[in-house]
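Engineer: This is the structure I want to talk about, given as structure tokens.
Read-outs throughout are calculated quantities, based only on the coordinates presented, and are distinct from any laboratory measurement. These figures come from a predicted structure and were not determined experimentally. Here the Cβ is made from the backbone with ideal geometry for all residues, glycine too, and neighbour counts use every protein chain on show.
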Amino acid sequence: VSQRPAFTDEAAHCIALSSDGVYAQRPTPPGMMDPPPAPRAGTKLIASGRLSSRILVFDVRKEAYGVQMKPACAIQAPELEGATAAADGDTEEEAPLRPPAIEQLHVRGTNEGIWVLALMFDRTVRAYVCPLGAPEDTGAADGGAGTVGGAFAGAGDAPAPILEDEEEEAEEDAGQGEEDFAGAAQVKTPTFVIPLQGLAPMPGLPEPSLATLRLTAFAARAETRSIGFGTAAKQVPLLCVASSPDSNVVLGYSLPAPGPLVAAAGLDMEALLKLPLTPVGDLREPMQAQQLRAKRRWELPGRTTAAASSPDGCLFVAGGSKGSLALVDAPKGLSLRTMLPGHYAPVTAVGFHRSDVLVSAGEDSWIHHYSMKDNTLLIRYLCAPPPASPPVGGLVAAQTLP
């Protein structure tokens, strides 16, 4: 990488990558039988700092002289009291003692944009939609940054180009990174705000601490698509599941996909036909955020010690402290499919081999393989011989092996 993303007086805390955004199908030009193929979305790197609540989105593009990261979008989450060192005049040595303003970042592609879920210092999840920007193959603006339509980014204003001299200064001075994003798309209003309340195991008990909260974000994908290939996102909702190893409660949320841009009401047909075609990669920032409540709430037999989603986004599994495994169907509205026969001890890790085999591990040192076609146990084996079998700490399921 020939360029390093710069944060002002702080280190990066959360980093995520996304390449599964999808451009909307464009209308068929006159004289053509078939519509033009939708361009492929490029890779985006999303990062947040240790102290500030600013989220920076970079276009990652392969150039003739290496890989370049160019500013694409800046998301400004609300500054929270006590979240930044500058607010109280703390020194750089004292700053690491403060909790981060953004605890977790999760990203998923959607139509014309990328979902950016930020778990904030105040125990809320703020869901932003970052525009995809101009496709790589259109030869558009150097930065490749999309614009946020309407008054939020200035209608008709093109992003300011990033000059070569400015990039050289950014490498010498970290503060230049903020100026680079002045010409990128600016997003300030989240589409949804999700308050993470209701995870307490019983009424009257305290909520799990922020550090123990676990978010799993996924969306259903077509099974015929290749895993990791960034063209499978459709008009499907983003699903987010919240859990904690200190609670047996699991909350499920459904975030509707962004709708297409529509013309203002009251226009006649002649005025409508004169409107210019919406730029590729353009999105409109919402006027105000909507508060989203949980669509599903489950109380499992034990505390939730492990969770994972399948590569195609159609299944979610939660492992419990009593060895149980809860399997959830995503396309059917986050419905509980079954409780699988689990382990003799707490489940420590779960994962999927492709989307048809679930692999689980437990403190009993057993590894289980389940078939997702009929919810049956295929095989189980010990990681080490008894009587002193060590607990399994984690697992990684390969996606390419037969």
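Engineer: Compute the FRET efficiency between residue 122 and residue 254 as 1/(1 + (r/R0)^6), taking r as their Cβ-Cβ distance and R0 = 25 Å, and round to the nearest 0.05. All intermediate terms of the calculation are to be shown ahead of the outcome.
Structural biologist: On the way: r = 22 Å, r/R0 = 0.89.
The computed FRET efficiency comes out at 0.65.
Engineer: For residue 188 and residue 40 in one chain, what is 0.36 nm times their gap in residues minus the Cα-Cα distance, to one decimal in nm? Spell out each step's value before the answer.
Structural biologist: Details: separation 148, 0.36 × 148 = 53.28 nm, distance 2.63 nm.
Length gained between residue 188 and residue 40: 50.6 nm.
Engineer: Figure the gain on full extension for residue 32 and residue 299 (residue separation times 0.36 nm, minus the Cα-Cα span) and round it to one decimal in nm. Kindly include the intermediate steps, with their values, before the conclusion.
Structural biologist: Values: separation 267, 0.36 × 267 = 96.12 nm, distance 5.54 nm.
Fully extending the segment from residue 32 to residue 299 adds 90.6 nm.
Engineer: Listed highest first by mean packing, meaning other Cβ atoms within 10 Å per residue, what order do 284-290, 112-118 come in?
Structural biologist: Values: 284-290: 14.3, 112-118: 26.1.
Top to bottom by mean Cβ count within 10 Å: 112-118, 284-290.
Engineer: Then there is this: Note the full-extension length gain between residue 398 and residue 209 as 0.36 nm times their separation in residues minus their Cα-Cα distance, in nm to one decimal. Intermediate results must be reported in sequence, preceding the final value.
Structural biologist: Numbers: separation 189, 0.36 × 189 = 68.04 nm, distance 3.24 nm.
Net length gain for the segment: 64.8 nm.
Engineer: Run the quick spin-label model on residue 62 and residue 337: label points 7 Å from Cα toward the beta carbon, then report their separation in nm to one decimal.
Structural biologist: 3.5 nm
Engineer: Right, here's the next one. Measuring from label point to label point, each 7 Å out along Cα→Cβ, what is the residue 271 to residue 290 span in nm?
Structural biologist: Rounded to a tenth, the inter-label distance reads 2.7 nm.
Engineer: While we're here: Rounded to the nearest 0.05, what FRET efficiency is calculated for residue 356 and residue 76 with R0 set to 45 Å and r the Cβ-Cβ distance?
Structural biologist: Working: r = 42 Å, r/R0 = 0.93.
In this case the efficiency is close to 0.60.
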